[in-house]
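The values are calculated or read from the model by the stated rules, or taken from the named source; none is laboratory data. Please read all numbers here as calculations on a predicted model, not as lab measurements. As a convention, Cβ positions derive from the backbone with ideal geometry for all residues, glycine included, and neighbour counts pool all protein chains shown. Surface areas here come from the heavy atoms of the whole protein model, side chains and all, with no ligands, DNA or RNA. Shrake-Rupley method; radii C 1.70, N 1.55, O 1.52, S 1.80 Å.
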Amino acid sequence: MKKYLGQIIFNVIVAVIAVLLFGCTDLLDNAVLSIIAIIATVALLSWGNYYFIKAASLGRKAFQRAYIIDEHTFESLNQPEDYIAVMKDLKDYAPCRQDASKLVEQWEVFQKKSATLETISGGAGVYELVNQDIQSVMLSNMLLFMKRTAIIQSASRNGELNIHKDYLRMLTRRNEKILNDYTNLLIEVSQLTDSERKNTEIKSLSLIIESIHDYKKEMESEDI
């Protein structure tokens with residue numbers, strides 16, 4: 001009941017206004033005006049209910065303002081969970097909704113791959129370091145995403161908005177590439193014996209370490 005309280009109140013208010021409009025005026029005596037008033041009432045009810053349904057489908061309350069990035073957002077980033085919480089909030093911000101959702105999905109995929117690597121490698125030192133580096137890259141990409149979203153909030157022209165949205169999509173593509181590298185590492189590690197994992201040079205491991213190194217250099221140059 002509480003979930004739909006706002007929508008119920010809205011419909012009651014519109015209904016009361018309609019009753020007062022038709023009962024306390026001479027609208028019913030004029031066919032044209034009464035038809036226009038009925039159409040306007042139905043249109044208002046349709047728009048209002050669509051607004052409430054749309055807000056519910058996005059997982060937010062009606063009349064809740066679009067998520068805004070400010071200095072408090074960055075001050076709250078202490079643990080990975082804090083980054084994810086911000087990204088989930090940004091799923092309600094129209095200009096970056098799709099890419100924010102993608103980053104959250106990629107993080108969830110990373111978590112699953114991380115657990116798998118720990119299982120099949122026995123948590124060996126080098127794999128744990130690589131896993132930490134990948135996590136660092138993904139969190140850094142989220143930070144760059146938030147910073148660019150803060151700029152989007154002040155964008156005044158569609159041309160500016162499109163440039164920034166291209167950058168956000170680039171961040172998701174970067175994550176996708178490193179996740180694919182991670183998959184290759186999992187496949188190769190899963191095919192090795194315990195002794196081979198310790199003594200064999202793993203091609204995919206070298207490639208992912210190189211990719212991480214390149215990503216970090218790129219992020220240092222992009223940090224705004």
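Looking across region 64-88 at every residue that is surrounded by 15 or more Cβ atoms within 10 Å (Cβ to Cβ) and part of a loop (DSSP other than H, G, I, E, B), the one that is modelled with the lowest pLDDT is identified as Tyr67. Checked across region 182-193, the condition of being farther than 18 Å from Leu117 by Cβ, open to solvent by 30 Å² or more (accessible area, probe 1.4 Å) and either at pLDDT 90 or above or assigned to a helix (DSSP H, G or I) (or both) holds for no residue.
Condition check ((1) modelled with pLDDT under 95; (2) open to solvent by 40 Å² or more (accessible area, probe 1.4 Å); (3) under 20 Å from Ile152 (Cβ atoms)) across all residues:
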{"site": "Leu90", "(1), (2), (3)": "yes, no, yes"}
{"site": "Pro95", "(1), (2), (3)": "yes, no, yes"}
{"site": "Gln98", "(1), (2), (3)": "yes, yes, yes"}
{"site": "Val109", "(1), (2), (3)": "no, yes, no"}
{"site": "Ser114", "(1), (2), (3)": "yes, no, no"}
{"site": "Glu118", "(1), (2), (3)": "yes, yes, no"}
{"site": "Ser121", "(1), (2), (3)": "yes, no, no"}
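Looking at region 68-81, I want the residues that are under 14 Å from Leu143 (Cβ atoms) and have a partner that is open to solvent by 100 Å² or more (accessible area, probe 1.4 Å) and hydroxyl-bearing (Ser, Thr, Tyr) with Cβ atoms under 7 Å, at least 6 apart or on another chain. Which pairs are those? Pairs that qualify, where the first residue is under 14 Å from Leu143 (Cβ atoms) and the partner is open to solvent by 100 Å² or more (accessible area, probe 1.4 Å) and hydroxyl-bearing (Ser, Thr, Tyr): there are none. Scanning region 113-122 turns up at least one residue that is over 26 Å from Lys217 (Cα atoms) and among the aliphatic types (A, V, I, L, M).
When Tyr51 is tested against (1) modelled with pLDDT of 90 or more; (2) surrounded by 14 or more Cβ atoms within 10 Å (Cβ to Cβ); (3) not hydrophobic (A, V, I, L, M, F, W, C), only condition (1) is not met. Pairing residues of region 95-117 that are among the small types (Gly, Ala, Ser) with residues that are open to solvent by less than 50 Å² (accessible area, probe 1.4 Å), at Cβ distances under 6 Å and at least 6 apart in sequence or on separate chains, gives Ala100/Met87; Ala100/Leu90; Ser114/Asn131. Applying a threshold of 6 Å to beta carbon distances and a minimum spacing of six or more residues, or different chains, the list of pairs starting in region 123-142 at a residue that is farther than 15 Å from Lys216 by Cα and ending at one that is in a helix (DSSP H, G or I) and open to solvent by less than 60 Å² (accessible area, probe 1.4 Å) reads Tyr127/Leu117; Tyr127/Ser121. One residue stands out among those in region 123-156 that are β-branched (Val, Ile, Thr) and over 16 Å from Ser211 (Cβ atoms): the one that is surrounded by the most Cβ atoms within 10 Å (Cβ to Cβ), which is Thr149. Looking across region 138-165, the residues that are modelled with pLDDT under 90 and touching a His at 6+ places or on another chain (Cβ under 9 Å) come down to Ile151, Ile152, Ala155.
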